[in-house]
Amino acid sequence: MNGLVFEKISFTRDHVNAVKTLHLNNYPILYILYNEKKRPSAYIGQTVQASRRLKKHREEKNGKI
């Protein structure tokens, strides 16, 4: 893959599972998880295994995002 790709996807189980089939898996990516609550917050991460890492974020019980 060449160049930069910017995508905005929902952080739902279906969207996270779809990352396996997209060009995002097995490439180095930088991602930002954020919420739009009363006190907004964001998490910036990087990984090569996007599907696995995003699933871990979804499973974390005490995540701040």
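The values are calculated or read from the model by the stated rules, or taken from the named source; none is laboratory data. Please read these numbers as outputs of a predicted model, since none were measured by experiment. Counting neighbours? That spans all protein chains shown, and the Cβs are built from the backbone with ideal geometry, glycine included. We work out accessible area using only protein heavy atoms, side chains counted, and drop any ligands, DNA or RNA first. Shrake-Rupley method; radii C 1.70, N 1.55, O 1.52, S 1.80 Å.
Summary of packing: across the peptides 31-37, 8-14, 52-58, the per-residue average of other C-beta atoms within 10 Å ranks them, highest first, as 52-58, 31-37, 8-14. The apolar share of the surface of the range 7-57, taken as the fraction of accessible area on carbon and sulfur atoms (1.4 Å probe, ligands and nucleic acids excluded), comes to 53 percent. Remark: accessible surface ordering of Ser51, Ser41 (largest first) is Ser41, Ser51, probe radius 1.4 Å.
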